[in-house]
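Input: a single structure, listed below in structure tokens.
Values quoted throughout were computed directly from the atomic coordinates according to the rules given, and no laboratory measurement underlies them. Predicted, not measured: the structure shown is a model, and the values here were computed from it. Cβ: placed from backbone, ideal geometry, glycine included. Neighbour counts: every protein chain shown.
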Amino acid sequence: MRLDKFLKVSRIIKRRTVAKDFAENERVMLNGRLAKPASEVKKGDLITVQLGERKTTYEILDIKDNVKTSEAKNLYRVVE
């Protein structure tokens, strides 16, 4: 699955266009490297998102195309 789509489906970022902008502006890292919106993600990958001065790291636990809002948090866990 594409990085920008995962960020939207998991509700880490609310809109796919915003997720794409974050990645294009070097505010998203995948496994310690700068990520592009089309980067492929898989279970076990670490995604770091920078919001202002705050960085949050998430571990991907599952990948699904469509999930309910209440189930979105089951796709990842916060590492930092």
* Structure fact -> Burial-style ranking of 45-53, 16-24, average other-beta-carbon count within 10 Å with highest first, yields 16-24, 45-53
* Asked: When 15, 54, 2 are ordered from fewest to most other Cβ atoms inside 10 Å of their Cβ, what list results?
  -> 54, 15, 2
* Asked: Taking other Cβ within 10 Å of each residue's Cβ, how do 28, 67, 79 sort, fewest first?
  -> 79, 67, 28
* Express the relative contact order of the stretch 7-47 as a whole percentage, based on alpha carbon pairs under 8 Å and six or more residues apart in sequence. => 28
